[in-house]
1. Where a Cα-Cα gap under 25 Å defines reach, which lysines qualify for residue 133, not counting those fewer than 8 residues away within the same chain?
2. Averaging over every viewing direction, what projected area does the convex hull of the Cα atoms of region 209-284 cover, in nm²?
3. Report the charge-dipole magnitude of region 18-77 in Debye, nearest 20, computed about the Cα centre from +1 at each Lys and Arg Cβ and -1 at each Asp and Glu Cβ.
4. Quick check: from the Cα gyration tensor, does region 149-203 come out rounded (a/c under 1.5), prolate or oblate?
5. Ignoring ligands, DNA and RNA, what percent of the accessible area of region 158-237 is carbon or sulfur (1.4 Å)?
6. Report ³J(HN,Hα) in whole Hz for each residue of region 118-131, in order, from the Karplus equation J = 6.51 cos²θ - 1.76 cosθ + 1.60 where θ = phi - 60°; Gly and Pro get x.
7. Please list 3J(HN,Hα) in residue order for region 411-416, calculated via the Karplus relation 6.51 cos²θ - 1.76 cosθ + 1.60 where θ = phi - 60°; whole Hz, with x for glycine and proline.
8. Under a crude label model (7 Å from the Cα following the beta-carbon direction), how far is residue 341 from residue 124 in nanometres?
Amino acid sequence: MQFRLSLAVVLAAVTTAMSASGQQPWTADRRYGEGIGIRTGDVELHPGVSGEFGYDSNYFQRSPDEGPVSALRLRVTPSFSLSTIGAQRREAAGLGEPPKVNFRTGLYVSYNELFGSSEVSAQRHFAAGADLKLDVMPERPWGFDAYGNLVRTVEPNNQGQADYFFDRDALSVGAGINWRPGGGLFEWRLGYELRYNFFERPNFNNLTNAQHVINTRGRWRFLPRTALIYDAEYAFIRYLVGPTPHNSGDRLQARLGLNGLVSNHFALLAMGGWAQSYYIPTGVDQARNYDGFVAHAELKWFLIPQLTLEPTAAPVGLSSIAVGYIRQYDNSYLGDFQRSDKGYVNFEYFIGGTVLLSMQGDYTHISYPTSFDTNGQLAPSFGENRAHIQLYGEYRVSDTIGINSTLGYDANLTKNRVPTNSLDRVCSRRFSTCDQTWFSRFRAWIGARWFM
């Protein structure tokens, strides 16, 4: 019996709950999704609903040798968000003093109906997400914030066997204290976050884990449009369900960098630092630890000049082109950790509140260290290359109705083989216990949505 453990290879345990994976652009980024809203007192309501019909060339992410299966898909997504009124409405109403409390909450539920073979049509499912963010005493010398995110993701295996789906729920909750002396020229935050990743299927319960994270970040704006930035975190990673071949442990990361407008058209972000892990060997297993450089660099060009780096809700703030590079280390579900080197390009264009275009593309090399199975057998290190492209366009017929289309391509370009038993890490070709990891997948959607 085969199933795609290779999908779990790229599932980082540090999953952020509101990841854009599997979400439409307007649920992943509210700048795209929300309209003017409905105001009741100091609160804005933003209801919406979307319908899309699409094609998926390889729903189960199978390699060419495994027989890819295509599918037609129908997706219906109602959504709702609630927040205190934004800066633009406050200025229009002449409310000069910032509020003592800002909050924002949102919810979406996505129903997916699939058409094709009986194998495909049995995959109908619900996905969902919710979030909440609270900021007490913003723009004051001392403040407090709290947040929570929850996302349910459905991830089938390459054989279409429900018992081996990677369906999972990612929960993240946290809180922090903010210090802003000097009118906000200097900011510092100290906080705590719980990240809980629950795998719904019994065959993958041993991947369920919790991470307790102590984090901090700071910013010193030493020039009007340039700031020195810093972030660090210490995480306690614990697998909760046994038996499991995965090692619990701790991780430490710290980065220092610069963020600023080089001119009214160009912005530069450059951060570098160090990450180190401290995994604890379990049973016959031996731990492998990461000790290396981490970085994030990005150059962004704004089509329309910007006067400040501060976030803005204005549509013109979306029009930009960015290129960047990220090196990071993550906890892994195959071996102890994975290191990724990603180059990316993003394009966003939103003019006149009518035409919205966006493009996201990246190419990532993922490296895995040597590891051991439950019998102490050594599995060699290996790497893989992944590509992702998404194009999104929307034409807004009115202030509340948009017609949109999404095109996407994903691929694992490296021909690796991984074990088909989650308790083993070494392939045995003699007993056909290896699974093929490479695949390519094309997706296309056309739809319409109503939003406020």
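1. 100
2. Values: hull surface 26.7 nm².
That works out to 6.7 nm².
3. On the way: 6 positive and 8 negative charges, 21 e Å.
The dipole of region 18-77 has a size of about 100 debye.
4. Note, shape of region 149-203 comes out prolate.
5. Working: 2330 of 3590 Å².
Of all accessible area on region 158-237, carbon and sulfur atoms account for 65 percent.
6. Result, ordered by residue: 4, 4, 7, 5, 6, 8, 4, 6, 10, 10, 7, x, 8, 8 Hz.
7. Along region 411-416, the couplings run 7, 9, 8, 10, 8, 9 Hz.
8. 4.7
The values are calculated or read from the model by the stated rules, or taken from the named source; none is laboratory data. It should be emphasised that the depicted structure is a prediction, and the values quoted were computed from it without experimental measurement. Note that each Cβ is placed from the backbone with ideal geometry, even for glycine, and that neighbours are counted across all protein chains shown. Surface areas here come from the heavy atoms of the whole protein model, side chains and all, with no ligands, DNA or RNA. Shrake-Rupley method; radii C 1.70, N 1.55, O 1.52, S 1.80 Å.
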